[in-house]
Amino acid sequence: MHDFPTAAAAADQAFMRLALDQARNAWLVGEVPVGAVIVREGHVIATGYNRPVGDSDPTAHAEIVALRQAAALLGNYRLPGCVLYVTLEPCAMCAMAMLHARVSRVVFGAHDPKTGAAGSVLDLFSEPRLNHHCSALGGVEAPACSALLQEFFRTRRRGPPAITSGDATAQVHAGGLDVMHVDGAAPSAEDD
């Protein structure tokens, strides 16, 4: 017997893959790769990716960028009936912004054990003292979301590859940034 995902689960996975595309955009501009999309009635109405460094704005997290775009599009700061997909568990700032916007549902990929506000450190989405609540679902496409973040920080710690002669080729593709050796060979396990 096969274990096929429900239509809702398949939609969550598809929209999370779009959020992953946004996260890759963040990486391409040197930001921590977190991406978000906002969906209403089955259609993407807004996207965002992390850009606090490039925008010199500490609030320019992927979720906030997408919330601003959706609110402008709809002409209303309230976003009922909207689902926000984000590749990393929201922080407290982003979680409260989603609650203020009256987002109906939040779906995230990787859990954040240091600043996650959807259950990892605290759970603002189900805090009974707040006047609005929304459902939150974590772990959708978590391996891909986690791997993208891990590779970004691994690459950042290594620094740029040393080139002593010839030319190195960097290829940007759907999976991120691959650095090829001068001889064109893929990096080996010894390179890690």
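Where a number appears in this text, it was derived from the coordinates with a stated rule and is not lab data. The shown structure was predicted, so the numbers you read here are calculated from the model rather than taken from an experiment. Every residue, glycine among them, receives a Cβ derived from its backbone with ideal geometry; neighbour counts consider all protein chains shown.
Pop the C-beta distance of Ser146 and Asn76 into the FRET formula with R0 = 45 Å and round what comes out to the nearest 0.05. Write out the running numbers ahead of the final one.
Numbers: r = 34 Å, r/R0 = 0.76.
Efficiency at R0 = 45 Å is approximately 0.85.
Full-extension gain between Thr59 and Met93, please, as 0.36 nm times their residue separation minus the C-alpha to C-alpha distance.
Contour length minus the Cα-Cα distance gives 11.4 nm.
Could you order peptides 64-77, 117-130 by the average number of other Cβ atoms within 10 Å of their residues, highest first?
By packing density, highest mean first, the sequence is 64-77, 117-130.
List the extent of the Cα atoms of segment 1-73 along each of their three principal axes, largest first, rounded to whole Å.
Rounded to whole Å, the extents work out to 52, 26, 14 Å.
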